[in-house]
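As structure tokens, the structure follows; a few thoughts come after it.
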Amino acid sequence: MTCPHCAAQLAAKERTGQICSRCDRRFALDPKLHGRGMTDLRIRRIAERATDDGRLKVTLTQLWYLARVSDSAWGPTPASGVRAVVRWLVALPVAALLFLCAGLVDGMWAALSGTGAVAALGFAAFMSHTPARPGGSTVTPDENVFRGLVRGRWTTVYEQLPPGVVDDDPHVHTPRGSVVGRPEAVVLCTDHAVAVFLRANDIPARLKALLVEAEPATAHDALVDLPGRLPVVVLHDASALGALLAPLLRLAHPGRVVVDGGLPVAAVRTRKDAVRRVSPLPPVDAGKLRSVAGLSEKDATWLAEGFWSPLAAVPPRHLEAAVTAAVNRARVARPAAPRATDGFLTWPAETPKPVGDASRTKGTPAA
């Protein structure tokens, strides 16, 4: 690896204890110890690009997604074959009956009965059964591992997080943003890391918008006490609950402008570089997703299989531009007529936190 201080190329024996043998300076990350791609120079370069050379602040969650070296997702696998207990419950009585017949008859019929009995036992012994398996996903490095390295090793060596990176752990102090005197819109954000990103960069104040952080299950309640004249921009993951959120808010708040500013499913479903995760929630019917959210057949099927993609994985400068454009659209939009719901009026349940994800908690209106 390359020393982040003197640029010397170091073999493993030349960097014992994460100290460069050439310049005697300590560094934070060693790919041999901390995993492929985990080097100071690489993390620093990713942070520089993510912050747009220092113009933006980004969160640890955003940095993690950008610094990942691999990710994969797979859908559920249905069961195949016949379970062993069923095979033997069928095969043993059949084989016993055929052996009995072989003992009672002679000649060709006896041979056929014996062959059939052996065949029944053979099929039962060699047939396989694969149980149904749920879908799943992985991101490398794991989020908890990455956070531990950056908040531990990195801050020990450099006494701070990478330049421009803020901690979005809800248990630590997060930026509150400037106060908006006369708001012109509401930004409803269902992702804690994205909400921290928006506050850290004063984006709501710049757009004269109130920022409300809430889970999908509490989004309706979060808007109840806000002025009905203010248009709402909904920021969400490309997920089944996210796709349903704006249509259901339009039904719950008739007359209010609700603009869907979340991550579109079509934008990530076929992209090779998009982060794909699999939700542990029960699947949502594809037909309901089409009728309520107006999704295409392919997009609805993808979500119904449990796949989703996080809004926090969107490159920060693209996310900033998308939020700005959505708020500008909301200011001039008129309330849309709600879609026919085909009886599907159930408010989405709260999304369980994926393993390793930063906690997402309901917030209060903030700039």
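FYI, it's all coordinate maths here, none of it is from the lab. Predicted model, so just to flag it, every value in this text is computed and none were measured. For neighbour counting, all protein chains shown are included, and Cβ atoms are generated from backbone atoms with ideal geometry for every residue, glycine included.
Over region 71-116, the fraction of Cα-Cα pairs per 5 Å bin, rounded to whole percents and listed from the shortest bin up, is 5, 19, 16, 11, 11, 9, 7, 6, 5, 4, 4, 2, 1.
Please report, in debye to the nearest 20, how large the charge dipole of the chain is about its Cα centre when each Lys and Arg carries +1 at its beta carbon and each Asp and Glu carries -1 there.
Computed charge dipole of the chain: roughly 820 debye.
Computed from point charges on the beta carbon alone (+1 for Lys and Arg, -1 for Asp and Glu), the dipole magnitude for region 234-312 about its Cα centre is near 80 Debye. Within the listed set Gly261, Gly122, Gly306, the residue fluctuating most in the Gaussian network model of the chain (springs between alpha-carbon atoms under 10 angstrom) is Gly122.
The base-10 log of I(q)/I(0) for region 236-304, evaluated at q = 0.12, 0.14, 0.16 Å⁻¹, reads -0.31, -0.42, -0.54 [Debye formula, identical scatterers on Cα atoms, solvent excluded]. On a 0 to 90 degree scale, rounded to 10, what angle separates helix 84-104 from the longest Cα axis of the chain? Rounded to the nearest ten degrees, it is 10.
Whole-Hz Karplus values for region 152-161 come out as x, 4, 5, 5, 5, 7, 9, 6, 6, 5 Hz, taken residue by residue from phi with 6.51 cos²θ - 1.76 cosθ + 1.60 and θ = phi - 60°; glycine and proline positions read x. Using the Cβ-Cβ distance between Ala7 and Arg176 with R0 set to 41 Å, the FRET efficiency from 1/(1 + (r/R0)^6) comes to roughly 0.55. Residues whose amide H comes within less than 5 Å of that of Val165, counting only those at least five positions distant or on another chain, are Val58 (H built at 1.01 Å from N in the peptide plane).
For Val314, what is the net charge nearby, where nearby means another residue's Cβ is under 12 Å from its Cβ and Lys, Arg count +1, Asp, Glu -1? Overall, the nearby charge balance is -2. Oblate is the label for region 168-283, because a/c, from the alpha-carbon gyration tensor with a ≥ b ≥ c as root eigenvalues, is 1.5 or above and a/b does not exceed b/c. The 3J(HN,Hα) values that the Karplus relation (6.51, -1.76, 1.60; θ = phi - 60°) gives for region 191-207 are, in residue order, 10, 4, 4, 5, 4, 5, 4, 5, 5, 4, 9, 6, 5, x, 5, 5, 8 Hz. Gly and Pro appear as x. Under 5 Å between amide hydrogens, built in the peptide plane, is the criterion, and for Leu210 it picks out Glu184, Ala185, Val186, Val187 among residues at least 5 positions away or on other chains. Here are several values of semi-axes √(5λ) of the Cα gyration tensor in Å: (i) 34, 29, 18; (ii) 47, 24, 18; (iii) 51, 35, 14. Which one was derived from the coordinates shown? Read-out taken from this structure: (iii). Enumerate the residues in region 238-254 having an amide nitrogen under 17 Å from the point lying 7 Å beyond the Cα of Arg334 toward its Cβ. In region 238-254, the label zone of Arg334 (backbone N under 17 Å from the point 7 Å along Cα→Cβ) covers 254.
Remark on the chain: Cys101, Cys189 stand apart, with no other cysteine beta carbon under 4.7 Å.
When the square roots of the Cα gyration tensor eigenvalues are ordered a ≥ b ≥ c, the ratio a/c for region 269-316 is 1.5 or more and a/b exceeds b/c, which makes its shape prolate.
Multiplying the sequence separation of Trp88 and Cys23 by 0.36 nm and subtracting their Cα-Cα distance, what value in nm do you get?
Fully extending the segment from Trp88 to Cys23 adds 16.3 nm.
Angle, helix 107-126 long axis vs. longest principal axis of the chain, Cα atoms, 0 to 90°, nearest 10? For 107-126 against the chain, the angle is about 20 degrees. GNM on the chain, C-alpha springs below 10 Å: top fluctuator among Thr51, Thr155, Thr16? So, out of Thr51, Thr155, Thr16, the one fluctuating most is Thr16.
Pairs of Lys residues in the chain that lie 8 or more places apart, or on two chains, and have C-alpha atoms under 23 angstrom apart add up to 7.
In degrees from 0 to 90, rounded to the nearest 10, what is the angle of the helix 240-252 Cα long axis to the longest principal axis of the chain? Around 60 degrees separate the two axes.
Ordering Gly114, Asn144, Gly75 by the projection of their Cα atoms onto the charge dipole of the chain, which places +1 on the Cβ of Lys and Arg and -1 on the Cβ of Asp and Glu, puts Asn144 at the extreme positive end. Specify the residue with the greatest mean-square fluctuation among Val332, Val90, Val150, computed from a Gaussian network of the chain linking alpha-carbon atoms under 10 Å apart. Between Val332, Val90, Val150, it is Val90 that shows the largest mean-square fluctuation.
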